[in-house]
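Below is one structure; the comments refer to it alone.
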Amino acid sequence: MAGSTAPGAGDDAGTSVNTEGTRPPVNGDIVAVPVRHPWRWVGAGVVLVLLGLLVWAFSQASIDWTVPPKYFLQSQVLKGMGNTLLISVLAQVIGVVLGILVAVMRQSDNWVTRGVAEFYIWLFRGTPVLVQLMIWYNLSLVFQYIPGTSIQTNAVMTPFVAALLGLGINEGAYMAEIVRSGIQSVDKGQMEAASALGMSRTHTMRRIVLPQAMRVIIPPTGNEFINMLKTSSLAYSIQYLELLQAAVRIYSNTLQVIEMLITVSAWYLILTTVFSIAQHYLERYFNRSDQESGQDGGPLATVKRNLKFGRQE
């Protein structure tokens, strides 16, 4: 029985041990009493009631719940989902390449190169990505022809190209800071040692610094890609047929606005969850030391983090 004294234990209360392996308190001992938290239960009850009211409200709302399953695999929605994945992957690739280039430029001893890199980061991090998309899409207003050519800007700056440039170049500014933090995480003594061995700066960066910096760079890059999946919805404003634009085109004819927004929201949740799980295992691979020390929160923690609003810094 829990709490009873073990058979054969002595009568001396100061030395007897119960079946749980602990010594019963004696006079003078400080007894730890668990703190009660009744308001936590009250708070949980209030949350459950509010959640129930929310579910009840949606069940009574003027929503045709047969529409989301009907359009979930509709061809235009599937095409929008495919375009969302395409633009997200390509824009992220551009962002990573630009990020590495700009981060290395920021490490330059040349103040012009370093200044250009800092200006790029300042400009694209300091302006909304939606505004940047609109500028790229309307570039023909200031350049009727591609400078130095007879090619009309409108013929080149399609919604896809404008979305790719807008999202990719904006992402490059954020990736530059991530890569820079990764480079700075490598001990400077290693660069000095490589220089003492006669290695060039480029060779040192490629063979010594960047391979070690990847441990710091890769996990937040996964966060950036998840964020890119959601940010790509802004491309609907320039008529690029991604998930949200597909929903807009359908509900413009059917007037089933909320139903279609629920449909594409389900797709965003699925994509975010799938890539969050992949990101978790990628992070676990590059953070093996943290995992061994018990700091791995599991794939569910990664999914919950990525479902939060806004960019995860």
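The values are calculated or read from the model by the stated rules, or taken from the named source; none is laboratory data. For clarity, every value in this text was computed on a predicted model and none was experimentally measured. FYI the Cβ positions are ideal-geometry reconstructions off the backbone, even for glycines, and counts take in every protein chain you see. Just so you know, the surface numbers come from the protein's heavy atoms only, side chains and all, with ligands and any DNA or RNA stripped out. Shrake-Rupley method; radii C 1.70, N 1.55, O 1.52, S 1.80 Å.
So how do M191, M260 rank on accessible area, 1.4 Å probe, biggest first, that is with the largest at the start?
M191, M260
If the chain between I135 and A266 were fully stretched, how many nm would it gain, using 0.36 nm times the residue separation less the Cα-Cα distance?
Computed gain between I135 and A266 is 44.1 nm.
According to the square roots a ≥ b ≥ c of the eigenvalues of the Cα gyration tensor, what is the shape class of region 150-264, taking rounded for a/c under 1.5, prolate for a/b larger than b/c otherwise, and oblate for the remainder?
Oblate, because a/c is 1.5 or more while a/b does not exceed b/c.
Which of the three applies to region 60-184, rounded, prolate or oblate, going by the alpha-carbon gyration tensor with a ≥ b ≥ c and a/c under 1.5 meaning rounded?
Oblate, because a/c is 1.5 or more while a/b does not exceed b/c.
Working out 0.36 nm times the residue gap between W65 and Q212, then minus their Cα-Cα distance, what length gain in nm do you get to one decimal?
Result for the pair: 47.8 nm of gain on full extension.
Along the Cα→Cβ direction, 7 angstrom out, place labels at V142 and F58. What is the inter-label distance in nm?
Each label point lies 7 Å from its Cα, and together they span 4.3 nm.
For a Förster distance of 35 Å, can you work out the FRET efficiency between the beta-carbons of L101 and V156, rounded to the nearest 0.05?
0.95
Let me make sure I get this right: for region 37-119, a, b and c are the square roots of the gyration tensor eigenvalues over alpha carbons, sorted descending. Under 1.5 in a/c it's rounded, otherwise prolate if a/b > b/c, else oblate. Which is it?
Note, shape of region 37-119 comes out oblate.
Pulled fully out, how much extra length does the chain show between T202 and V257, if you take 0.36 nm times their separation in residues and subtract their Cα-Cα distance?
So the chain would gain 14.4 nm between T202 and V257.
Given a Förster distance of 45 angstrom, what is the FRET efficiency for L282 paired with R23, based on the Cβ-Cβ distance and rounded to 0.05?
0.40
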